[in-house]
Amino acid sequence: MALYAREFFVDHLKLPFADAVVVGNSYYATPMPGGPLRLRIEFSRTIRADEYDGLRLATIHQDGGELDAVALRFEDHRTFEHRDATQGCGPSHSGYGTFYEFRDRPDWVPWEGAHTNGLCAAIEQYTSVWFPGAWKTSSPSRTAGRTARKALPRPSAPSGSRSR
């Protein structure tokens with residue numbers, strides 16, 4: 001639980017798939033209900049223990065196994081650019097564009113401060129290839145707000161007769 005994978009995939013990335021579950025550190029979804037293809041997203045490890053530098057997306061056929069996979073690096077999608085800049089960490093520094101899992105600190109969220117707009121756009125692009133039409137963006141809620149003036153009524157439909 002030290003990666004807080006459920007919170008990252010469901011709450012932070014806000015992936016739009018209704019038929020989805022987080023198992024361990026992986027996110028599984030069936031973007032096209034009733035179809036044979038599944039989507040798996042997991043954290044991508046580096047060569048160092050407990051260090052992650054991106055996400056790995058895979059399209060899996062329920063009978064045929066993995067069909068395709070792609071790695072989305074945090075650095076390429078500027079996920080931790082702000083965090084690293086405020087810490088004075090540049091591309092030549094160890095830890096740039098990555099996060100570490102500290103299992104002895106269960107209260108610490110390792111991906112805190114992640115900006116996920118770039119990742120979300122890349123995930124949406126990937127899913128549009130394998131699961132066309134499955135990415136459902138939620139429409140902004142329409143809350144009543146203050147207006148400077150009342151809205152004018154809709155004009156009535158023109159009648160059958162013409163006027164000059």
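If you go through segment 36-47 one residue at a time, how many are in contact (Cβ under 8 Å) with a residue 24 or more places away in the chain and more than 18 Å from the chain's Cα centre (by Cα)?
3
Would you point out the residue of segment 1-29, among those that are open to solvent by 20 Å² or more (accessible area, probe 1.4 Å) and hydroxyl-bearing (S, T, Y), that is farthest from Y52 (Cα to Cα)?
That would be Y28.
Output the qualifying pairs, or none if there are none: Cβ atoms under 8 angstrom, residues six or more apart or on different chains, first residue in segment 113-137 and over 19 Å from H61 (Cα atoms) and part of a helix (DSSP H, G or I), second residue open to solvent by 80 Å² or more (accessible area, probe 1.4 Å) and modelled with pLDDT of 85 or more.
Between residues of segment 113-137 that are over 19 Å from H61 (Cα atoms) and part of a helix (DSSP H, G or I) and residues that are open to solvent by 80 Å² or more (accessible area, probe 1.4 Å) and modelled with pLDDT of 85 or more, the close pairs are C120/K14.
If I ask for residues that are open to solvent by 90 Å² or more (accessible area, probe 1.4 Å) and within 16 Å of the chain's Cα centre (by Cα), which ones from segment 59-79 would you list?
Of everything in segment 59-79, those that are open to solvent by 90 Å² or more (accessible area, probe 1.4 Å) and within 16 Å of the chain's Cα centre (by Cα) turn out to be R73, D76, R78.
The values are calculated or read from the model by the stated rules, or taken from the named source; none is laboratory data. None of the values given here were measured: they were computed from a predicted structure. In this analysis, Cβ positions are derived from the backbone assuming ideal geometry, glycine residues included, and neighbour counts consider all displayed protein chains. Just so you know, the surface numbers come from the protein's heavy atoms only, side chains and all, with ligands and any DNA or RNA stripped out. Shrake-Rupley method; radii C 1.70, N 1.55, O 1.52, S 1.80 Å.
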